[in-house]
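S.K.: Structure incoming, see below.
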Amino acid sequence: MLLSSETAGALQASAGQAAAAHGDQAFDPGSHILHHILDSNEWDFLGLKVPLVEWHPFGLDLSITKHVVMMWMAGALVVLLFRLAVRRQGELVPRGLRNALEVLVLFIRDEVARKSIPDGPDRFVGYLLTTFFFIVGCNLLGLFPGMATATGNISVTAALALIAFVVIQAGGIHRYGVLTHFKNLLPPGLPPWLVPVMFPLEIMSMFIKPFALCIRLFANMMAGHVVILAFISLIFILARVFSPGVGLAASPVAVAFALFVYMLELLVAFLQAYIFTMLTANFIGMSVHPSH
């Protein structure tokens with residue numbers, strides 16, 4: 001369940017290879033799209049197939065997949081960028097990379113953490129920054145030819161949501177203790193006969209919140225890349241159904257729309273990272289500082 005995103009030119013070339021490989025067989029856009037968005041134990045980097053390590057200890061599948069490699073690369077890229085920025089910490093006026101990263105760090109600290117978490121927001125800034133930059137890194141990597149979007153894999157977004165769930169609950173338990181934390185789930189002044197009804201619903205809402213984070217990030221990152229691939233595949237569909245001339249005539253329009261969606265994906269890469277981080281901060285704030 002992965003999502004690999006490539007530039008329009010690379011996608012068109014890939015689609016052309018797929019069509020040629022099928023020979024007389026009809027071009028299957030579904031198979032072509034799934035080939036690019038599903039995870040695998042082989043990394044197809046611009047036509048070079050790189051086999052990855054398969055490992056199954058005790059019957060568990062702990063293989064290194066294409067998405068795992070992308071997550072490693074995203075994490076290494078974030079560490080490298082901040083290491084380079086720290087080298088200029090002695091400058092009185094930040095500039096270049098340090099200035100760009102400092103703007104994002106201050107934004108997450110001041111506009112997200114401190115405005116969403118009334119009680120001790122700076123304790124959560126490190127986690128929120130790590131989440132934001134890791135998601136941005138995974139999202140942007142998928143926009144390069146030969147790379148893949150790890151956040152288009154629901155297993156990855158589920159892991160991020162699970163970590164958010166643990167941090168949200170840990171924040172409330174650390175602030176109030178276990179019993180009071182769960183007691184805060186119920187509104188004050190609730191009639192006793194409603195407690196057996198409301199408490200299970202509130203417990204369900206604890207899990208629904210991170211589930212919504214998981215699905216939102218996964219769906220948005222996958223959708224854009226599927227649309228890009230669909231526009232490129234449309235060229236070969238029209239060429240197969242009508243004639244090569246029709247497909248050739250439609251190619252400028254299809255590529256233009258694909259490039260438009262591709263540019264939108266640059267915005268979505270940052271937007272979805274911000275939304276995930278902002279909602280997580282809101283949920284932490286609700287946990288450590290209930291309204292009642």
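S.K.: About the Cα centre, and with charges only on the beta carbon of Lys, Arg (+1) and Asp, Glu (-1), how big is the dipole of segment 8-288? Nearest 20 debye, please. Kindly include the intermediate steps, with their values, before the conclusion.
M.R.: Details: 16 positive and 15 negative charges, 163 e Å.
Dipole magnitude for segment 8-288 comes out near 780 debye.
S.K.: How many angstrom separate the Cα center of segment 189-254 from the Cα center of segment 139-177?
M.R.: 17
S.K.: Compute the projected area of the convex hull of the Cα atoms of segment 29-139, averaged over all viewing directions, and report it in nm² to one decimal place.
M.R.: Details: hull surface 47.0 nm².
Projected area, direction-averaged: 11.7 nm².
S.K.: Can you give the Rg/Rh ratio of segment 225-277, where Rg is from the C-alpha atoms and Rh is the Kirkwood radius? If you can, show how the numbers build up before the last one.
M.R.: On the way: Rg = 14.5 Å, Rh = 12.1 Å.
Rg/Rh for segment 225-277 comes to 1.20.
S.K.: Using only the alpha-carbon atoms of segment 8-288 as identical scatterers, what base-10 log of I(q)/I(0) does the Debye formula give at q = 0.13, 0.15 Å⁻¹?
M.R.: Once normalised to I(0) and log-transformed, intensities are -0.99, -1.15.
S.K.: As an exercise, use a Förster radius of 25 Å and the Cβ-Cβ distance of residue 72 and residue 95 to find the FRET efficiency, rounded to the nearest 0.05.
M.R.: Values: r = 30 Å, r/R0 = 1.20.
Efficiency, from the Cβ-Cβ distance: 0.25.
S.K.: Grab the beta carbon distance between residue 271 and residue 193, set R0 = 45 Å, and tell me the FRET efficiency rounded to 0.05.
M.R.: Working: r = 44 Å, r/R0 = 0.99.
For R0 = 45 Å, the calculated efficiency reads 0.50.
S.K.: Just going by the charge dipole of the chain, with Lys and Arg at +1 and Asp and Glu at -1 on Cβ, which of 232, 285, 146 is farthest out on the positive end?
M.R.: After comparing all options, I get 285.
S.K.: List the residue ranges in the chain for DSSP H helices whose C-alpha atoms run 27 angstrom or more along the long axis and whose Kyte-Doolittle average is 1.0 or above. Display every interim value, and only then the final one.
M.R.: Values: long enough: 66-86 (30 Å, 1.77); 154-176 (33 Å, 1.53); 195-241 (63 Å, 1.77); 244-288 (63 Å, 1.65).
Span-like helices in the chain: 66-86, 154-176, 195-241, 244-288.
Read the figures in this text as sums done on the coordinates, not as results from a lab. Just so it is clear, the model here is predicted, and its values are computed rather than measured. Virtual Cβ from ideal backbone geometry, glycine too; neighbours counted across all protein chains shown.
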